[in-house]
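The values are calculated or read from the model by the stated rules, or taken from the named source; none is laboratory data. The model shown is predicted, which means the values in this text are computed figures rather than measured ones. Note: ideal-geometry Cβ built from the backbone for every residue, glycine included; neighbour counts use all protein chains shown. For accessibility, only protein heavy atoms count, side chains too; no ligands or nucleic acids. Shrake-Rupley method; radii C 1.70, N 1.55, O 1.52, S 1.80 Å.
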Amino acid sequence: MKGISHKYIAKFLLLFVLIALGGCVKNEVKVDFQLPKNVNDAYKMIYYASDPAKGWFVETVAAVQQGKVQMICATRNPTIVFIMESGSVPRAAFYAERGDKIKITGDSSDPFSWQISGNKLTEEWSQWRLDSRSSLASGDPKKINKAVSDYVKKNPDKPLSTLLLLIYYDRRADEATFHKLWKLLEGKALEPKWMQLVSRSDLLKDAPVFTDKLNSIILHTYGNGVDTLMLGKKPMLLYFWREGDAERNEGIGILKDLAKEFPDSAARVIADVCFDPDSIAWQSAVRRDSLAKVVRGWNFRGETDSVMMRAGVGRTPWFIVFDSKGKEKYAGDDPHDADSLFRKVISDE
């Protein structure tokens, strides 16, 4: 090492140590629950895991026993973990990057009341949720929208404002105010990564779309993991449902008949999309249906998903028929109308 100063040797060693430490960061997020001993419950956690090559939805269950459990969420890229129950509004949620150690504490079994820490954004989010607990627990879109609006107006440059707008704000209840609030965002709040984290089924990366024009729909699908439905390529029939819908069997039956009558899936698209938050129940229903040559999709955010809003899906059951140019020919809840219009679109091609 003669001729090389101690200063350069020290810098080299420091660089080596930093690289070595960086290589030790695993592609995972540790989540540590520390709740009261009387809490024995299971909490469903849903997040989107991804690496440079692909992405996939992960659903896991945190089985809290005597108030404690440690979970490992595997992901390389940053993600948002939703703690869900029934409905589309998360009971709690947090942002995490690989290597993060998330700590969840509280004085009850209710996720609305939990303190979640581990990074600055998550802690800001946790405080907003606690401040807005009564509004969130009410399930009232107007109250929830007001809680989001109040925060955004005071913090237009914070990424949390973007996340709250995209996750909690009900655009169907007040689309005009959503526009106004989005226009208030500035600085870091407008970085594309925040929308990419939340609206993965939306093509645009830096702003929500305020028109009804769709180019594609990305779905978590049974068997393939993820599928992209391209509009304007071939006739398409979409059926949106929940297992509790009274006429679900009739809707599935119509899709089954159409798939048999028009078996060439290269010439048309037939897809059904489940809005139930429980993916295990969805997969069970899919196996019972025995539908062939039909895209079986799932979207746990349901009507609150940005693309579903743009498509005008406000409830289930719901059907949409597109022609090969991507023009909407039918949107409604009548399975027979959807059936006849889809057949007409195919015959007109």
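Considering only the other residues whose Cβ falls under 13 Å of the Cβ of Ser108, what net charge follows from Lys and Arg at +1 and Asp and Glu at -1?
0
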Starting from the Cα gyration tensor of segment 270-321, take the square roots of the eigenvalues, sort them a ≥ b ≥ c, and report rounded, prolate or oblate (rounded when a/c is under 1.5, otherwise prolate if a/b is larger than b/c, else oblate).
oblate
Under 26 Å Cα to Cα from Lys68, which lysines show up? Leave out anything in the same chain fewer than 8 places away.
Lys26, Lys30, Lys37, Lys44, Lys101, Lys103, Lys120
Convert each backbone phi in segment 105-119 into a coupling constant with the Karplus relation 6.51 cos²θ - 1.76 cosθ + 1.60 (shift: θ = phi - 60°), then list the ³J(HN,Hα) values in order as whole Hz, x for Gly and Pro.
10, x, 10, 7, 8, 8, x, 4, 9, 7, 9, 10, 10, x, 7
Relative contact order (%) - segment 242-349, alpha-carbon pairs under 8 angstrom, separation at least six:
23
Can you give the accessible area of Val345 in Å² (nearest 10), computed on protein heavy atoms with a 1.4 Å probe?
10
Heavy atoms only, 1.4 Å probe, whole protein assembly: order Glu349, Glu247, Glu303, Glu59 by accessible area, highest first.
Glu349, Glu247, Glu59, Glu303
With all protein chains in place and a 1.4 Å probe, Thr105 shows an accessible area in Å² (nearest 10) of 40
Simple spin-label estimate for Lys233/Thr60, 7 Å along Cα→Cβ, in nm, reads 3.3
Label-point separation in nm, Ser108 to Asp264, each point 7 Å along Cα→Cβ
6.0
Cα-based count: Lys pairs in segment 216-349 below 14 Å, eight or more positions apart or different chains?
10
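Give, as a single signed number, the net charge of other residues whose beta carbon lies under 14 Å from the beta carbon of Gln65, with Lys and Arg counted +1 and Asp and Glu -1.
Overall, the nearby charge balance is 0.
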Round to the nearest 10 and report in Å² the accessible area of Glu261, as given by a 1.4 Å probe over the protein chains' heavy atoms.
100
Note on segment 210-349: alpha-carbon gyration tensor, axes a ≥ b ≥ c; rule is a/c under 1.5 for rounded, else prolate if a/b larger than b/c, else oblate; result rounded
Looking at the chain, what % of its DSSP beta bridges pair antiparallel, to the nearest 5?
75
Please report, as a whole percent, how much of the solvent-accessible surface of the chain comes from carbon and sulfur atoms (probe radius 1.4 Å).
53
With a cut-off of 8 Å between alpha carbons and a minimum separation of six or more residues, what is the relative contact order of the chain in percent?
12
